[in-house]
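Structure, as structure tokens:
The values are calculated or read from the model by the stated rules, or taken from the named source; none is laboratory data. Bear in mind that the values here come from a model prediction, so they are computed numbers and not experimental data. Neighbour counts run over all protein chains shown; Cβ positions are idealised from the backbone, glycine included. In case anyone asks, the SASA skips ligands and DNA or RNA and just uses the protein heavy atoms, side chains included. Shrake-Rupley method; radii C 1.70, N 1.55, O 1.52, S 1.80 Å.
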Amino acid sequence: MIDEKKLEERLVVVETAKSWSPRVVARLETLLRSGTDEALYRINPIEFAKEKSIAEAEGIDLFLHACMAGLFDMDWLLVCPVCSDVVESFRSLRKLHTHFHCHLCQSDYDAALDDYITVTFTVSPAVRSIRFHQPDALSAWDYVFHYKLTSGGILPDGVSWSEAAKQLVRVLTRIEPDTTVNFEVDATEGALLGQDFESDAQFFFPVEKGAGSTQPHVPVTLHHGKCVAAAANIAPGKVVFEVRNTGNLPVVFGILQLPSVTFQRERLQFEPSLSGKRLLTTQTFRDFFRSEVISATEGIAVLDVTLVFTDLKGSTALYERIGDLNAYIQVQRHFQHLLDATVRHNGAVTKTIGDAVMAAFLTSADAVQAALDMREAVDQLNRDRLQRDFILKIGVHRGAAIAVTLNERLDYFGQTVNIAARVQNLADGDEICITEDVYRAPAVAEIIAPYPLTKNEAELKGVSKAMSIYHLARIES
């Protein structure tokens, strides 16, 4: 059911929030009005953008604005890399933790913002109700294949794992408390796996020719996350499982026919989705969700992020020459140009310190292109002035970091941050310095090819070995 008044009011908020490409908000409205329950649940904004021929960045911005307007709720998901099980979901980054256990695979994982953490959007129940808003009322099939598993996990042969898993199911049902149910299964060679989909409770029986079905009727007891099954030798053919739930909560229970006793699955490939790292390098997220904090005391790992540090050379002299107020206004103009270049290349400004900026980018190619645009933008500022008041120094480095909350702000911490800041200190005025890790990153060599380039070895404080630093000068006209 759709609440027309709320839908219209909130769509107007999105429509007027910024200048969108033609028909972008209309496509969102069509989804909200005519999309199926499945289409409105855990929406992947990158997939939506692809299907609707919208730029990825605009698609992400669209759902962030729609979330702020109350059209959608945002969920942070921990996704198992082997079975695509949504192990846990959180409405807030504050509650997200990085150590998780998958009941289906009975495996433990450590998540990073690059891996196993994905962000999706579900229509708000205040706007339109869908059956997934009440997971306890879902059928067992919907619960497992829509609520528990994501559709984005792909096997090496290109088949969706959730679709392949459906072919293995012989029984899938919800068993109420203090209830016993008999399930007749036509077993084939391989193995039978019984599974409580919300706990580690499992049974596993090989199915082998000549085993002799010494126990064709197998009693099974489920009790508060534990499974006890009678011993049995099972041969291909009919077998009955008598399953009793002695707990005080319903159990979603299934029996799967596995093709072999040693059935193993490799880690899945996943369709492109909105990762936690991508979201934290999106300026709209940082602007809108300032209250989001990382509560984990150790922070959350980012395996690969590119950081840009900038600083204005000679800004103190500018303040002395034209006065604090005028200088402040001019410096703010410079900040706006740097922000615009950052956003244009899929990055986000993490913080400003004095006249310096720290920005984070999804890729090194984006970071280098942004740095070049920053330098050009500042050069444009100087062309309107009697003298070159703005001289920018830029450093770029790539590596692992820890996302943390410092001074009530989402920030990055670690050696990659330290090195990026020190590389910026090596730059002369109007110069961009990049490290070897950035220089070797995909597409960077092509971007910097037109620019004069020199290389030297530099000793950086806190780094045991000398680092190769590439200095990009501007092209002389």
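A helix-only calculation puts the chain at -8000 deg cm²/dmol for mean residue ellipticity at 222 nm, using -39500 (n - 2.57) for each DSSP H run of at least four residues, averaged over all residues. Couplings 3J(HN,Hα) for the range 140-156, derived from phi with the Karplus relation 6.51 cos²θ - 1.76 cosθ + 1.60 (θ = phi - 60°), are 4, 5, 4, 4, 6, 8, 10, 8, 8, 9, 8, 8, x, x, 10, 6, x Hz, where x marks Gly and Pro. The loop-placed trypsin sites (Lys or Arg not before Pro) in the range 377-477, going by DSSP, that have at most 16 neighbouring Cβ atoms within 10 Å of their Cβ come out as Arg385, Arg388, Arg440, Lys461, Lys465, Arg474. Taking every DSSP bridge with both residues inside the chain, close to 90 percent are antiparallel.
Annotation note: GluC sites (Glu not before Pro) in the range 395-470 located in DSSP loop regions with a Cβ neighbour count of at most 14 within 10 Å are Glu408, Glu459. For the chain, what relative contact order do you get, as a whole percent, if you take Cα pairs closer than 8 Å and at least 6 residues apart? Over the chain, the number comes to 12 percent. Projecting the Cα atoms of Thr363, Ile402, Thr350 onto the dipole axis of the range 340-409, where Lys and Arg carry +1 and Asp and Glu carry -1 at the beta carbon, places Ile402 farthest toward the positive end. Summing Cβ point charges (Lys, Arg +1; Asp, Glu -1) relative to the Cα centre of the range 235-292 gives a dipole of roughly 80 debye. Charges were assigned to the Cβ only: +1 to each Lys and Arg, -1 to each Asp and Glu. The resulting dipole of the chain about its Cα centre is roughly 420 debye.
Note on Val79: accessible area is roughly 10 Å² with a 1.4 Å probe, heavy atoms of protein only. Near Thr405: Cβ cut-off under 10 Å, other residues only, Lys/Arg at +1 and Asp/Glu at -1. The net charge is -1. When a 1.4 Å probe is rolled over the protein heavy atoms, the share of accessible surface on the range 359-468 that falls to carbon and sulfur comes to 50 percent. By how many degrees, between 0 and 90 and to the nearest 10, does the Cα long axis of helix 24-34 differ from the longest principal axis of the chain? For helix 24-34, the angle is close to 20 degrees. For the chain, the longest principal axis of the Cα atoms and the long axis of helix 56-68 meet at an angle of about 80 degrees.
According to the Kirkwood relation over distinct C-alpha pairs, the hydrodynamic radius of the range 157-215 is 14.0 Å. For the range 27-149, what's the relative contact order in percent, using C-alpha pairs closer than 8 Å and at least 6 residues apart? In percent, rounded to a whole number, it is 28. The heavy atoms of Val228 present about 100 square angstrom of accessible area, all protein chains included, probe 1.4 Å.
For the set Asp373, Asp108, solvent exposure ranked by accessible area (probe 1.4 Å, protein chains only) runs largest to smallest as Asp108, Asp373. Per-residue 3J(HN,Hα) values for the range 5-19, derived from phi via the Karplus relation 6.51 cos²θ - 1.76 cosθ + 1.60 with θ = phi - 60°, read 5, 5, 4, 5, 4, 6, 5, 4, 4, 5, 4, 8, 5, 7, 8 Hz in sequence order (x marks Gly and Pro). Note that the chain presents 46 Å² accessible area per residue, ligands and nucleic acids not counted, probe 1.4 Å. Couplings for the range 449-464, taken from phi via the Karplus curve 6.51 cos²θ - 1.76 cosθ + 1.60 with θ = phi - 60°, read 3, x, 9, x, 9, 10, 10, 8, 9, 10, 8, 10, 4, x, 10, 5 Hz in order; Gly and Pro are left as x.
The calculated FRET efficiency for Thr173 paired with Gln269, based on their beta-carbon distance and R0 = 30 Å, is about 0.45. Step through the table entries Lys50/Lys166; Lys52/Lys148; Lys5/Lys351; Lys6/Lys52; Lys95/Lys166; Lys52/Lys351, compare each Cα-Cα distance with 30 Å, and write down the pairs that go over it. Table pairs above 30 Å Cα-Cα are Lys5/Lys351; Lys95/Lys166; Lys52/Lys351.
Ranking His146, His99 from most to least accessible surface, computed with a 1.4 Å probe over the protein chains only, gives His99, His146.
Among the trypsin sites (Lys or Arg not before Pro) in the range 178-262, those placed in a DSSP loop whose Cβ has at most 13 other Cβ atoms within 10 Å are Lys209.
Charge tally around Gly225: other residues with Cβ under 12 Å, Lys/Arg +1 each, Asp/Glu -1 each, net -2. The apolar share of the surface of the range 1-153, taken as the fraction of accessible area on carbon and sulfur atoms (1.4 Å probe, ligands and nucleic acids excluded), comes to 49 percent.
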